[in-house]
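The values are calculated or read from the model by the stated rules, or taken from the named source; none is laboratory data. This one's a predicted model, so the numbers in the text were calculated from it and none came from an experiment. Note that each Cβ is placed from the backbone with ideal geometry, even for glycine, and that neighbours are counted across all protein chains shown. For accessibility, only protein heavy atoms count, side chains too; no ligands or nucleic acids. Shrake-Rupley method; radii C 1.70, N 1.55, O 1.52, S 1.80 Å.
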Amino acid sequence: LPPRQDGLMRTPLLHYRLSASVNESELRSPPAGPRQRQKLSTFFGVVIPTLLSMFSVVVFLRIGFVVGQSGLYQAIAMFLVAYLIISMTVLSVCAISTNGALDAGGAYYMISRALGPEFGGSIGLMFFLANVCGSALYVLGLVEAIVGSFGMPEGQFGVLPSGYWWSLLYGTAITLLCLLVCLVGAHIYAKATFIIFLVVMFVLGTIFVSFFAVRPQTITLPTSATRNPTMNATGPVAPTTANFTGFKLDTLLGNLQADYTVDYTTGTMMSFATVFAVMFNGCTGIMAGSNMSGDLKSPSSSIPRGTITAVIFTFIIYNLLSVLIACSCDRVLLQKDYSFLTDINIWHPFVTIGVYSSTLSAAMSNLIGASRILYALARDDLFGKALSPAKRTSQSGNPWVSVLISWFLVQLVLFSGKLNTIASIVTIFFLLVYAAVDLACLALEWASAPNFRPTFRYFTWHTCVLGIVGCAIMMFLINAIYASASIAFMLLLLLLIHYLSPTSSWGYISQALIFHQVRKYLLMLDVRKDHVKFWRPQILLMVSNPRSSVGLITFINDIKKSGLYVLGHVQLGDLNTLPSDPLQSQYDSWLSLVDHLNIKAFVNLTLADSVRHGVQHLLFISGLGGMRPNTLILGFYDDCLPKDRLVDPSQDSGELGDGKVLGAQEYVAIIADAMKMLKNVVLARYFNNFDRTQVLSPPSSSPWKGAVYVDVWPVNLLRPDSCSYVDTCSLFLLQLACILNMVRGWKKATLRLFLCVEEGRSVRGSEEKLGQLLKELRIKARIYPVPWDQQVALHWQRQESDDDYVNSFPSNTMHLSDDYLSAVNKLILDQARPPPAVRFLYLPRPPADTRRYTSYLHQLELLTRDLGPTLLIHGVTPVITTDL
């Protein structure tokens, strides 16, 4: 395509525009669908699923274990600590969920929209797997409970056949029941869980009543508990009975302190950490309501209210049960019979029904939660086409394909039979998700973004940090190896998504955090504390047409030495005559150029009535605080036609035309302006065809065997009467050459320093003096003395024959003949064996008389003609020191 008048690019490669606009009609009315699906209220959508997930089987089978091992004091302390940890996460969930509209995906949606697709995708996939494995866990737990009661031959009733394949069959049947409920939709799921909720609440009621209604009795302990001796082989064996004493002070006093013993189900010695880990597993269901966010009428209000209600209710129930148990059951009963609540209930099957019901609801909750997370992942296209089938929904909006995929994976997990190992991993995955939610809330709070203003305000960054630390401690307390492996797995997924997924339009919290920190540190960067020891080039490179400046842009990226690098562009125009700012639409194209060339640069565009005024604008306003350009780089003003270097290399690169928008007089005036503003100036010539890869990797078959050279001429060649190489400009030139030599790709290059000498002067003395200077400056270079008597003679001959020459004003340039300049140009070319990759030459100041600007530019053109990539450099500030 032909170039645009503003010099910007047209190719699709450099145009990645994201549409952020929303049609007003879309805001006024919801999208039309086949049928509006029914939404759930706070109670049915959040409170019930969260309550049932947090109760599960812990309330029926593990509450006595916790009190029996740790005592009432430590049991209450454990619940306080556990609920403190999960409460911090609940506060974060409430804050994020009340900061904007929530969609399907629950915790995944919160994390991905806050921390970006990488964190969201990796955590979302792990959360999905955790829900799948959690559903399988609860199904297997229910199967074991059924076989324990009805299996042959050890079951209480002995009517069902037992064995691996029979257990798999029972598990498959239960999973199919969960699948049918979830396939019908969230509304039927809510009704099913409500029925289960009523059953569980009724059973809980019978348990509380039983403590008061049932008389004291002696209970026979399970045979598995009596096989393990409480002491060594010569001591007494374990008791076979224990007592339900009713409310007695002696019983309470005997259960206050901790008494850790061997767990009769696993044979391992218990401790505070192991008991705490078991108890904490029952507190990790706080996301069950959040997972239903896409099915709620008002998720922003339902999630905070429902989750907090469920957490407070379960905390009260757990502590009440702990106190009642400690007052009425002796220590042996609590330590040797985990199902004692069945034995002391007013009707024994009630507790068994409660176990079955809570486990079934937890299995369903995990299955439907997994399907919603998978649906949200698929809809966001983070994993490409791999999850595209999971986007399909029924007419009522139920993601039935996601439900089927989740059910299939649950069925696969059931084949493992025993999931004691995966149980720990599932809990760790859940904790990792909770920590990520806390991290998301913390990042939003620390970023201080004006749009983060949740209606729920009962949180601070301190609660987020406590939640993260608490979750991390619990992860490593449960299993340090699995915790480390889970974090490594998350980081691996994060990297994969970062490099493989498309760019999202959700916004990145990292950008807000970076802005917050950069602003803080920029305010601390005091220009009054600048020191020459820590000087670095901060470059403003003026680019007329980026298509023809690719070689120069990439080369200058190498000499910035971690400094500021700004690409500047001036567009001619007057805002008074334009309907809008034409630069806004071009900015994204320039940023795409920066990404395409893989350089670290900023972009500054300006609109001005002339290029000179535009450059002045950019020199005045570019940068911020202590990060402002100190060096201006311009392309050389000559007649070389620019060529398009962004087209396909296999095609012929077409010429872009002259494209000059300024004259020679204005060009030199820009150089003079920059020096008046105490900016270093660099003119770059013959970089049109510069290819960094070819320059740094010359063919080994060449006569110089792949060597790379950088030539440096630190003498002002336009002043033959001055041979000084220790002025500010020469030292600046040496500094830039040294910086280039420090860059990774240019480290193999050899610096060649050419010392111009005349007859009658000590060549050896000058060379030794320059060598000593280079040693003090820690610059490694080869010194080559170059006699230039013949060239200087041409100059003085012209001076003697030119009667009109009068040096009536201070200037760093002289009235030089074309013959002299051509001779110096030939001298430079003659030293190029082998030819260098780039040359560094001394740039004198422009003459004070503006009438001589054209002559000054002509002298520079003759001096650098056919030299290849060349930098003419003028430094105005000291940049090198020999001090430590």
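If we count every other residue with Cβ under 14 angstrom of GLY121's Cβ, Lys/Arg +1 and Asp/Glu -1, where does the sum land?
Working: positive: ARG113, ARG379; negative: GLU118, ASP380, ASP381.
Summing Lys and Arg as +1 and Asp and Glu as -1 gives -1.
Nearest 0.05, what FRET efficiency do VAL786 and ARG528 give at R0 = 56 Å with Cβ-Cβ as r? Numbers along the way, then the final one.
Values: r = 43 Å, r/R0 = 0.76.
With a Förster radius of 56 Å, E is 0.85.
Select from GLN511, TYR587, SER544 the residue farthest towards the positive end of the dipole of the stretch 480-593; place +1 on Cβ of Lys and Arg, -1 on Cβ of Asp and Glu, and compute about the Cα centre.
Among GLN511, TYR587, SER544, the one farthest towards the positive end of the dipole of the stretch 480-593 is GLN511.
Express in nm, to one decimal, how much length is gained between HIS596 and GLN694 on full extension, taking 0.36 nm for each residue of separation and deducting their alpha carbon distance. Intermediate results must be reported in sequence, preceding the final value.
Details: separation 98, 0.36 × 98 = 35.28 nm, distance 1.85 nm.
Taking HIS596 through GLN694 to full extension adds about 33.4 nm, to one decimal.
Sort the stretch 136-213 into rounded, prolate or oblate with this rule: let a ≥ b ≥ c be the square roots of the eigenvalues of the Cα gyration tensor; rounded if a/c is under 1.5, and if a/c is not under 1.5, prolate when a/b is larger than b/c, oblate otherwise.
The shape class here is oblate.
Suppose each label sits 7 Å from its Cα in the direction of the beta carbon; what would the LEU829-CYS640 distance come out to in nanometres?
Each label point lies 7 Å from its Cα, and together they span 1.5 nm.
With a 1.4 Å probe and all protein chains kept in place, how much accessible area does LYS660 have, in Å² rounded to the nearest 10?
80
How much accessible area does ASP259 have with a 1.4 Å probe, in Å² rounded to the nearest 10?
70
From Cα pairs below 8 angstrom and at least 6 apart in sequence, can you work out the relative contact order of the stretch 415-488, rounded to a whole percent? Before the final figure, lay out the partial values.
Numbers: 51 pairs, mean separation 34.4, N = 74.
Contact order relative to length: 46 percent.
In the neighborhood of GLY625, defined by Cβ-to-Cβ distances under 14 Å, what is the net charge if each Lys or Arg adds +1 and each Asp or Glu adds -1?
Working: positive: ARG519, LYS520, ARG528, LYS529, ARG628; negative: ASP526, ASP530.
Result for the local shell: +3.
In the full protein assembly as shown, how much of SER70 is accessible to a 1.4 Å probe, in Å² to the nearest 10?
Roll a 1.4 Å probe over it and SER70 shows about 0 Å².
For the cross-link pairs LYS529/LYS560; LYS39/LYS385; LYS747/LYS775; LYS561/LYS748; LYS676/LYS780; LYS600/LYS679, which exceed 26 Å when the distance is taken from alpha carbon to alpha carbon?
Values: LYS529/LYS560 21 Å; LYS39/LYS385 29 Å; LYS747/LYS775 18 Å; LYS561/LYS748 17 Å; LYS676/LYS780 33 Å; LYS600/LYS679 21 Å.
Pairs exceeding the cut-off: LYS39/LYS385; LYS676/LYS780.
Which whole-number percent gives the relative contact order of the stretch 414-541, counting Cα pairs below 8 Å spaced six or more residues apart?
On the way: 61 pairs, mean separation 39.6, N = 128.
Relative contact order of the stretch 414-541: 31 percent.
Fully extended, how many nm does the chain gain between ALA213 and PHE43 (0.36 nm per residue separation, minus their Cα-Cα distance)?
Numbers: separation 170, 0.36 × 170 = 61.20 nm, distance 3.15 nm.
So the extension gain works out to 58.0 nm.
Take the Cβ-Cβ distance between PHE415 and GLN395 as r, set R0 to 51 Å, and report the resulting FRET efficiency rounded to the nearest 0.05. Don't skip to the answer; put the middle values down first.
Details: r = 34 Å, r/R0 = 0.67.
For R0 = 51 Å, the calculated efficiency reads 0.90.
Using only the Cα atoms of the stretch 356-485, build the gyration tensor, take square roots of its eigenvalues as a ≥ b ≥ c, and label the shape rounded, prolate or oblate: rounded if a/c is under 1.5, else prolate if a/b is larger than b/c, else oblate.
oblate
Provide the FRET efficiency to the nearest 0.05 for the TYR521-LYS775 pair, computing r from the beta carbons and using R0 = 35 Å.
Values: r = 36 Å, r/R0 = 1.03.
Plugging the Cβ-Cβ distance into 1/(1 + (r/R0)^6) gives 0.45.
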